[in-house]
Amino acid sequence: MSPKRDEEADVTQLLQQWSGGHREALDPLFARIYSELRGLARSQLRRENRNHTLQPTELVHEAFARLVVQKVSWQNRNHFFGIAAKCMRRILVDHARRKKAAKRPAVDASVELNDDLAVYVDASDRILAVNEALDALTETRPRLTSIVELKFFAGFSIDEIAATTGVSPATVKRDWDEAKRLLHARLQGG
């Protein structure tokens, strides 16, 4: 086995031990996944304003604290990181809602689209708009939402998404393109 596969197998084993009620697996698990979680947090925060008040370490610890209390039967490393990405998304949305509630909304939040879906002048507006668009997409196309979360929020490759969702890489590519099209239209008010 390659070192990467050994590491994935170790993480999967620790996740399954933790799911099975063995709390002693939590510390070695956190030590093994911390740098990946921090990279995931940095990736998500990179899309935010430079003066964002959340730091990657805070996002990791908040997400891990929320994950610890969940009763999930972890399947593997990809399953864990997919849920961690969703959890980080929720934290960022909650943070944006609190920030937006603390100040007046922008009169004119213009939109520029790029490959990362949408960039708003106000990061809180962008986070909330993307979240609303994903919620709407979930109602009609839940698989597309899962693919967006894994690609956009977790930074998974097409092959990792295929392995996690159980569909072919070609289907993932088609679904990703379709999701971007639908979200783009939604974010533009279409």
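Taking PHE152, is it closer than 21 Å to LEU45 by Cα, among the aromatic types (Phe, Trp, Tyr) and not in a helix (DSSP H, G or I)?
So PHE152 fails the test.
Which residues, taken from region 19-28, are in contact with a helix residue (DSSP H, G or I) (Cβ under 7 Å, 6 or more places away or on another chain) and surrounded by fewer than 17 Cβ atoms within 10 Å (Cβ to Cβ)?
Taking region 19-28 and keeping what is in contact with a helix residue (DSSP H, G or I) (Cβ under 7 Å, 6 or more places away or on another chain), we get 25-26, 28.
The answer is LEU26, PRO28.
When you go through (1) buried (at least 16 other Cβ atoms within 10 Å of the Cβ); (2) more than 14 Å from the chain's Cα centre (by Cα) one by one for GLN16, which number turns out not to apply?
(1)
Among the listed residues ALA136, ALA185, ALA163, which satisfies the condition of being in a helix (DSSP H, G or I), closer than 16 Å to ALA85 by Cβ, modelled with pLDDT of 85 or more and not charged (D, E, K, R)?
Numbers: ALA136 fails: closer than 16 Å to ALA85 by Cβ; ALA185 fails: closer than 16 Å to ALA85 by Cβ.
Sole residue among the options that is in a helix (DSSP H, G or I), closer than 16 Å to ALA85 by Cβ, modelled with pLDDT of 85 or more and not charged (D, E, K, R): ALA163.
Only residues that are within 16 Å of the chain's Cα centre (by Cα), among the basic types (Lys, Arg) and either surrounded by fewer than 17 Cβ atoms within 10 Å (Cβ to Cβ) or at pLDDT 80 or above (or both): list them for region 38-72, please.
ARG38, ARG42, ARG46, ARG66
Give the residue that is farthest from GLN13 (Cα to Cα), with candidates limited to residues of region 38-93 that are part of a loop (DSSP other than H, G, I, E, B) and among the aliphatic types (A, V, I, L, M). If you could, list the steps in order and put the result at the bottom.
Quick first cut of region 38-93, residues part of a loop (DSSP other than H, G, I, E, B) only: 47-55, 70-76.
Keeping just the survivors that are among the aliphatic types (A, V, I, L, M) gives 54, 72.
Details: LEU54: 31, VAL72: 14 Å.
Out of the qualifying residues, it is LEU54.
Scan region 9-20 and give yes if some residue there is farther than 24 Å from THR145 by Cα and at pLDDT below 85, otherwise no.
yes
Any residue in region 2-26 that's of a type in the set (Gly, Ala, Ser): show its pairings with residues that are at pLDDT 85 or above at Cβ separation under 6 Å, as long as the two are six or more apart or on different chains.
SER19/SER73; SER19/TRP74; ALA25/LEU14; ALA25/GLN17; ALA25/TRP18
State which residue pairs qualify: first residue in contact (Cβ under 8 Å) with a residue 60 or more places away in the chain and inside region 63-74, second residue assigned to a helix (DSSP H, G or I) in any location, beta carbons under 8 Å apart, and separation of 6 or more residues or different chains.
Within 8 Å, the pairs are TRP74/THR12; TRP74/LEU15; TRP74/GLN16; TRP74/TRP18; TRP74/SER19; TRP74/PHE80.
The values are calculated or read from the model by the stated rules, or taken from the named source; none is laboratory data. Everything quoted here is computed from the prediction, not taken from an experiment. Every residue, glycine among them, receives a Cβ derived from its backbone with ideal geometry; neighbour counts consider all protein chains shown.
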